[in-house]
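Notes for the one structure printed next.
The values are calculated or read from the model by the stated rules, or taken from the named source; none is laboratory data. Remember, it's a predicted structure, so these values are computed and weren't measured experimentally. Cβ sites come from the backbone with ideal geometry, for glycine too, and all protein chains shown count toward neighbours. Quick note on the areas: whole protein, heavy atoms, side chains included, nothing else; ligands and nucleic acids left out. Shrake-Rupley method; radii C 1.70, N 1.55, O 1.52, S 1.80 Å.
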Amino acid sequence: MKKLLITGGAGFIGTNFVHHWVQNHPEDRVINLDALTYAGNLENLQGIDKSANYRFVHGDVCDQDLIRKLFHDEGITHVVHFAAESHVDRSITGPEAFITTNIHGTFTLLESARRAWGDDLEACRFLHVSTDEVYGSLMADAPAFSETTPFAPNSPYAASKASSDHLVRAYFHTYGMPVLTTNCSNNYGPYQFPEKLIPLVVMNSLEEKPLPVYGDGLNIRDWLHVDDHCRGIDRVLHAGRVGETYNIGGCNEWANIDIVRLICSTLDEMRPGDRPKSELITFVRDRPGHDQRYAIDANKIMTELGWSPEYTFETGIRQTVAWYLDNEAWWSRIRDGSYKEYYKQQYGA
Ligand code: NAD
Ligand code: DAU
């Protein structure tokens, strides 16, 4: 039986991972530690909070005393570290929280695990969930990011994640800690906070608001359904080689404008209105330092661990749009006063 400390389990990917783990590994104990920032939402975990093997702890990954006590009291054997400030635009307007949570928070967890686990490391694992943004930006015809691509982060968010990846690596080489790192591409799916492109476009379309596309809309991202990401993390946690990093991606590159058009046509079909949703598309000021293209070479996790994505993008987008249509109460509650304030600051009146 594993005793998992999942950090950030009330956010988008963490929520999906907690659901995945409780369903697939009911014998394991799950401690979900989350500070419930604007991005954390306990509503996501309704039902799960009744499971005997699940415990939610409201707390900060930078709180050393709390983390050490959790390791001690719960006998944590596995850490899956999601907690982070995750939005690039917010890192441009306010980088400090990114440095604190993403770097200092990761250090606090690593150090607490090192002290708690001592030399008894055989059955322990520390899995650090990271991003493809650490690798920087690709030209149109450049080969995809592999695990050996040098880091070249371009936003405060990406730089903070790169720093945390380096710390994780250092704890392996210096202390022999049983760490694993995953670097994943853009996720989409249920429970994603509406500041991110796909839920933002779905919700603005439903409310007949402008669909803001940065710059010329030709920036490219590789998209993966969050369930496929969760299965990938599960595989790495069970079978990954300690000290290794694994890229996870969908082999699924899309220009932003094409995704926005795909969502519009999906909604035209699923929730027809008076005019095509694409009429709402509005090109706005570009993101400073906007990375042109991300692409992931996921060959290592595919060949070594037998993982591959199960969703096609078309199926995944339909399922995701349907989820937001069915869960209007969930996102309406999020788009409250504080979210409106952020939206005004980011996009103007
Ligand atoms: P999110 O912003 O939706 O959720 C982050 C969660 O962390 C929230 O529940 C928040 O309350 C919590 N949190 C923030 N600061 C905390 C702190 N100091 N202590 C404890 N909890 C704290 O993020 P997400 O999109 O679910 O991303 C999760 C992880 O996956 C991040 O590490 C991110 O870098 C990584 N990642 C995300 C994507 C993506 O496309 N979203 C892709 C690759 C990697
Ligand atoms: O690549 C993995 C990363 O993907 C994760 O590490 C981050 O946590 C996650 O937020 C995501 O980062 P992006 O910046 O790629 O995601 P976002 O949804 O913010 O933007 C996707 C693309 O869409 C990007 O090129 C910017 C563009 N965009 C975004 C918003 C919010 C727009 O054109 N308009 C928008 O309003």
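Laid out as a table, the results:
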{"item": "Pair list, Cβ under 6 Å, 6 or more apart: region 73-100 residue under 18 Å from Gly59 (Cβ atoms), other residue within 13 Å of ligand 1 (Cβ to nearest atom) and among the acidic types (Asp, Glu)", "result": "Ala97/Glu85"}
{"item": "Condition broken by Ser137, with the remaining ones in (1) touching a helix residue (DSSP H, G or I) at 6+ places or on another chain (Cβ under 8 Å); (2) within 16 Å of ligand 2 (Cβ to nearest atom) satisfied", "result": "(1)"}
{"item": "Within region 62-107, considering residues that are of a type in the set (Phe, Trp, Tyr) and either within 13 Å of ligand 2 (Cβ to nearest atom) or under 30 Å from Gly289 (Cα atoms) (or both), the one least open to solvent (accessible area, probe 1.4 Å)", "result": "Phe98"}
{"item": "Failed criterion for Gly217 (all others in (1) within 21 Å of Glu314 (Cα to Cα); (2) part of a loop (DSSP other than H, G, I, E, B); (3) within 15 Å of ligand 1 (Cβ to nearest atom); (4) open to solvent by less than 40 Å² (accessible area, probe 1.4 Å) hold)", "result": "(3)"}
{"item": "Search result, residues across region 43-59 that are open to solvent by 70 Å² or more (accessible area, probe 1.4 Å) and modelled with pLDDT of 95 or more", "result": "Arg55, His58"}
{"item": "Hits in region 205-214 (condition: open to solvent by less than 30 Å² (accessible area, probe 1.4 Å) and more than 9 Å from ligand 2 (Cβ to nearest atom))", "result": "Ser205"}
{"item": "Residue within region 5-21 that is near ligand 1 (Cβ under 10 Å from one of its atoms) and surrounded by fewer than 17 Cβ atoms within 10 Å (Cβ to Cβ) present", "result": "no"}
{"item": "Residue in region 141-148 that is in contact (Cβ under 8 Å) with a residue 40 or more places away in the chain, crowded, with 19+ Cβ neighbours inside 10 Å, within 16 Å of ligand 1 (Cβ to nearest atom) and part of a loop (DSSP other than H, G, I, E, B) present", "result": "yes"}
{"item": "Test for Ser137: is it at pLDDT 95 or above and open to solvent by 40 Å² or more (accessible area, probe 1.4 Å)", "result": "yes"}
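Yes or no, residue by residue, for (1) modelled with pLDDT of 95 or more; (2) within 13 Å of ligand 1 (Cβ to nearest atom); (3) within 13 Å of Leu33 (Cα to Cα):
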{"residue": "Ile67", "(1), (2), (3)": "yes, yes, yes"}
{"residue": "Glu74", "(1), (2), (3)": "yes, no, yes"}
{"residue": "Val79", "(1), (2), (3)": "yes, yes, yes"}
{"residue": "Ser86", "(1), (2), (3)": "yes, yes, no"}
{"residue": "Ser91", "(1), (2), (3)": "yes, yes, no"}
